[in-house]
Amino acid sequence: MKLSREITDDGRFVRQPNRFTDRLGPPEPGRYRLYASYACPWAQRVLIVRALLRLEDLLDVTIVDPIRDEKGWRVPGGEPEYLSELYHATDPGYVGRYTVPCIWDTKDKRIVTNDFPQITLDLETSWGSSPNLYPERLRPDIDIMNDRLYHGLNNAVYEAGFAHDQQAYEEAVARVFSTLDFLEVRLAESGFLFDTLTDSDVRLYTTLARFDAVYYAHFKCSIRRLSDYPALWAYARRLYAIPAFRETTDFDQIKRHYYITQTNINPSRLVPVGPELDWSV
């Protein structure tokens, strides 16, 4: 399914709504399978939370191939061959892109959810409790922060990269760097976005991990690099030092996915060399 369906008449990118939004039931070993990609920031969030909460025995995972084609995400050596088969098994009339993350119910043979903002919250509140990534005392503040991150950064980089209009592009880029500037000030005084590691840090990290390698050049978010922000860059490397973050971050798959798959932006499909960054603390 082509991205052009998500470009408005005035050249703005408007992300398609998530089709499957049922809430996850109680964990049952062997019942639920997460389909994810190391390349996708929305999917990496779930992989990080799964690792932090030590849910590997409760939530199986299949990592799809980072290079999509016209049929969508391919499942390497697996059954089904393409993720799209699960979408149509759940809803034969489905139209839209076939997205990760999504969670397949092996008992009922359907996709329970591809609602990426809610998946991590369900895991944090119903499946695992340590570390507490969504503490009740902080939930209103986390929700506000998550909304700001989504509209100002997580999705705004896509609004810039996929824009077909100069004004739409510049408005999105302005939001990206206004948000980064805000975060630089906040993180100069704190090790995390709040007084402990939370769901918000996970959501911020996956965008930061892709910023200099992809979004800076490929999506034309090129006013400043992540590494030009001392506090943000130090924060991103501190998170990267945590195994759940580091072991789900695959820069090779990230770069190959964006530069090879998104031919509307990069028709040559050449994958750039670099940038040379030391992510060690």
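The values are calculated or read from the model by the stated rules, or taken from the named source; none is laboratory data. Quick caveat, the model's predicted, so the values are computed rather than measured. With ideal geometry, Cβ positions are generated from the backbone for all residues, glycine too; neighbour counts draw on all protein chains shown. Remember, those area values only see protein heavy atoms, side chains included, never the ligands or the DNA or RNA. Shrake-Rupley method; radii C 1.70, N 1.55, O 1.52, S 1.80 Å.
Overview of results
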| read-out | value |
| --- | --- |
| Cα gyration tensor shape for the range 1-99, rounded if a/c is under 1.5, else prolate or oblate | prolate |
| Karplus (6.51, -1.76, 1.60) ³J(HN,Hα), θ = phi - 60°, over the range 32-45, in Hz, Gly and Pro reported as x | 9, 10, 8, 9, 9, 9, 5, 6, 8, x, 5, 6, 4, 3 |
| Distance between modelled label sites at residue 95 and residue 33, nm, 7 Å Cα→Cβ extension | 2.9 nm |
| Highest average packing first - 202-209, 125-132, Cβ atoms within 10 Å | 202-209, 125-132 |
| From phi via Karplus (6.51, -1.76, 1.60), per-residue ³J(HN,Hα) for the range 114-131 in Hz, x at Gly/Pro | 10, 7, 4, x, 8, 4, 5, 5, 5, 5, 6, 9, 10, 10, x, 10, 9, x |
| Whether the range 60-180 is rounded, prolate or oblate, judged on the alpha carbon gyration tensor where a/c under 1.5 counts as rounded | oblate |
| Two-site FRET efficiency, residue 71 against residue 222, from Cβ-Cβ distance with R₀ of 35 Å, rounded to 0.05 | 0.60 |
| Spatial separation of Cα centroids for the range 112-128 and the range 195-235, in angstrom | 23 Å |
| Accessible surface of the range 49-138 [probe 1.4 Å, protein heavy atoms]: carbon and sulfur percent | 45 percent |
| Those GluC sites (Glu not before Pro) in the range 99-208 that DSSP places in a loop and that have at most 10 other beta carbons within 10 Å | 189 |
| Built amide H within the under 5 Å cut-off of residue 113, gap 5+ | 103 |
| Contour excess over end-to-end distance, with Cα ends at residue 21 and residue 269 and 0.36 nm allotted per residue | 85.9 nm |
| Dipole moment magnitude, nearest 20 debye, the range 1-61 about Cα centre, only Lys, Arg, Asp, Glu C-beta charged | 80 debye |
| Prolate/oblate/rounded label for the range 57-104 (Cα gyration tensor, a/c 1.5) | oblate |
| Nonlocal amide H pairs with residue 60, under 5 Å, H built at 1.01 Å | 30, 32, 34 |
| Two-site FRET efficiency, residue 195 against residue 143, from Cβ-Cβ distance with R₀ of 22 Å, rounded to 0.05 | 0.85 |
| Lysine pairs within the chain, Cα separation less than 24 Å, 8 or more sequence positions apart or different chains | 6 |
| Ranked packing of 74-80, 237-243, 95-101, most packed first, by mean Cβ within 10 Å | 95-101, 237-243, 74-80 |
| Per residue, in Å², the accessible surface of the chain once ligands and nucleic acids are set aside, probe 1.4 Å | 45 Å² |
| In sequence order, calculated HN-Hα J values of the range 184-196 (Karplus, 6.51, -1.76, 1.60; Hz; x Gly/Pro) | 4, 5, 5, 7, 5, 10, 8, x, 10, 5, 10, 7, 7 |
| Extension gain, residue 251 back to residue 106 (0.36 nm per residue minus Cα-Cα distance, nm) | 49.1 nm |
| Stretch gain in nm, segment residue 5-residue 136, where the contour uses 0.36 nm per residue and the Cα spacing is subtracted | 43.3 nm |
| The chain, relative contact order in percent, only Cα pairs under 8 angstrom and at least six apart counted | 21 percent |
